[in-house]
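A quick write-up on the structure given underneath.
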C-alpha cells in the first residue's frame, strides 16, 4: 500500500506558532465579549443588542462585531497561512504575526464604540492577508510546474 509523505521545511514551525498565537487572541476577544455582555446586560443567545431596548447597544455591538469579524476572517487566514507557509514559511509567519497584531488593534479600536478606530492600525491586517495570498498563489503555481 503506497503512502504520501509530506515534507515540510523546518521553519514551518513558525507558521504553527503564529497560528496558536491567533487562537489565544481569539480566546481573549471572546472573553472581552463575555465581559461586555455582563457590563451592558446582553444575555445569551442575543447576538446583537437592540438600541430600542438597550441604551448601551452600540458599545456592546462594537465589541461583538470586532470579535465576529475576526471569526469571519479566521478560516481564510488559517488556510492562507497553512498553504502559503509550505513554500514560504518565514514570510508567512511574519505576515501572520503582522495580521495577528493588527487584529488586536482592530478589535481594541472597534471596542471603543467608534468603528472607524478599528482601522487606525487594524488596516495593516488587510495588507498582511494580501501578502499571504501572494505566498499561497506562489505555492500553488510551484506545485503545477
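Descriptive notes on the structure:
- Compactness of region 1-65, taken as the C-alpha radius of gyration over 2.2 N^0.38 Å, stands at 1.87.
- Ascending count of other beta-carbon atoms within 10 Å, so fewest first, for 118, 103, 65: 65, 118, 103
- All distinct Cα pairs of region 1-111 go into the 1/r average, and the inverse of that average, the Kirkwood radius, is 15.7 Å.
- Between residue 142 and residue 97, residue separation times 0.36 nm minus the direct Cα-Cα distance comes to 13.8 nm.
- The chain - percent relative contact order, Cα under 8 Å, separation 6 or more: 27
- Extension gain for residue 27-residue 114 works out to 29.1 nm (0.36 nm per residue, less the C-alpha to C-alpha distance).
- Based on the reciprocal of the average 1/r between different C-alpha atoms, the Kirkwood radius for region 80-144 equals 12.2 Å.
- Sorted fewest first by neighbouring Cβ atoms within 10 angstrom, 29, 73, 79 come out as 79, 73, 29.
- Between residue 51 and residue 72, the simple spin-label model (points 7 angstrom out along Cα→Cβ) gives 1.8 nm.
- Sum of -39500 (n - 2.57) over DSSP H runs of 4+, divided by residues of the chain (222 nm, nearest 500): -25500 deg cm²/dmol
Any read-out appearing in this document is the output of simple, stated calculations on the displayed coordinates, not a laboratory observation. Nothing here was measured: the structure is a model prediction, and the numbers come from that model. Don't worry about glycine lacking a Cβ; one is built from the backbone with ideal geometry, like all the others, and counts go over all protein chains shown.
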